[in-house]
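Below is one structure, written out as structure tokens; comments come after it.
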Amino acid sequence: MKRCLANLLENAIFYGQRADVTLEDDPSRLTITIRDHGPGIPEGQRERVFSPFVRLEPSRSRNTGGSGLGLGIARHIARALGGDIGLDNHPEGGLRVNVTLPRPRNITGL
Ligand SMILES: Nc1ncnc2c1ncn2[C@@H]1O[C@H](COP(=O)(O)OP(=O)(O)OP(=O)(O)O)[C@@H](O)[C@H]1O
Ligand SMILES: [Mg+2]
């Protein structure tokens with residue numbers, strides 16, 4: 001989980017200057033939202049960026065040493081825990097990354 005969040009926070013700070021993190025605690029799931037203040041990701045690219053080695057336009061990513069693996073690894077970790085990661089752009093700009101994680105049945109089911 002630490003690796004998952006670190007990959008997402010590193011992206012937010014690098015591509016979007018700063019990360020605003022909110023938690024939404026619900027009996028059935030926990031949602032962690034990481035919003036940044038960069039260019040966001042166009043809708044047509046939001047699935048592609050999870051594929052290994054995919055990096056968007058070089059002007060944004062050039063000379064950063066990134067390998068295009070961070071998002072895919074983060075989603076893999078979230079899914080292995082029964083959750084998932086979704087992307088959208090904030091209405092006022094910046095990328096919004098939503099990490100959802102299920103609440104354990106033995107806690108919520110009491
Ligand atoms: N917060 C963001 N805002 C805008 N674009 C982003 C953001 N996060 C990721 N991207 C785009 O998605 C691409 C893939 O991200 P990913 O984290 O998988 O790889 P990376 O950051 O390029 O390299 P690394 O493997 O070091 O994380 C990035 O190269 C960038 O183009
Ligand atoms: Mg990255």
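DSSP loop (so not H, G, I, E, B), at most 11 other Cβ within 10 Å: list which chymotrypsin sites (Phe, Trp or Tyr not before Pro) in the range 14-102 pass both filters.
Loop-located and lightly packed - Phe53.
Angle, helix 2-16 long axis vs. longest principal axis of the chain, Cα atoms, 0 to 90°, nearest 10?
The angle comes out at about 40 degrees.
Quick one: Karplus J couplings for the range 34-51, per residue in order, coefficients 6.51, -1.76, 1.60, θ = phi - 60°, nearest Hz, x for Gly and Pro?
So the J values, rounded to whole Hz, are 10, 10, 10, 10, x, x, x, 10, x, 3, x, 10, 6, 8, 3, 5, 7, 6.
Determine the principal axes of the Cα atoms in the range 2-108, then give the extent along each, sorted from largest to smallest and rounded to whole angstroms.
Extents along the principal axes: 48, 29, 24 Å.
Test of understanding: ordering Thr31, Thr100, Thr22 by Cβ neighbours within 10 Å, fewest first, what list do you get?
Fewest to most other Cβ atoms nearby, the residues stand as Thr22, Thr31, Thr100.
The numbers here are math on the coordinates, done by the rules we state, and not lab data. Since we're looking at a predicted model, the values are computed, not measured. Note that we place each Cβ from the backbone using ideal geometry, even for glycine, and neighbour counts take in every protein chain shown.
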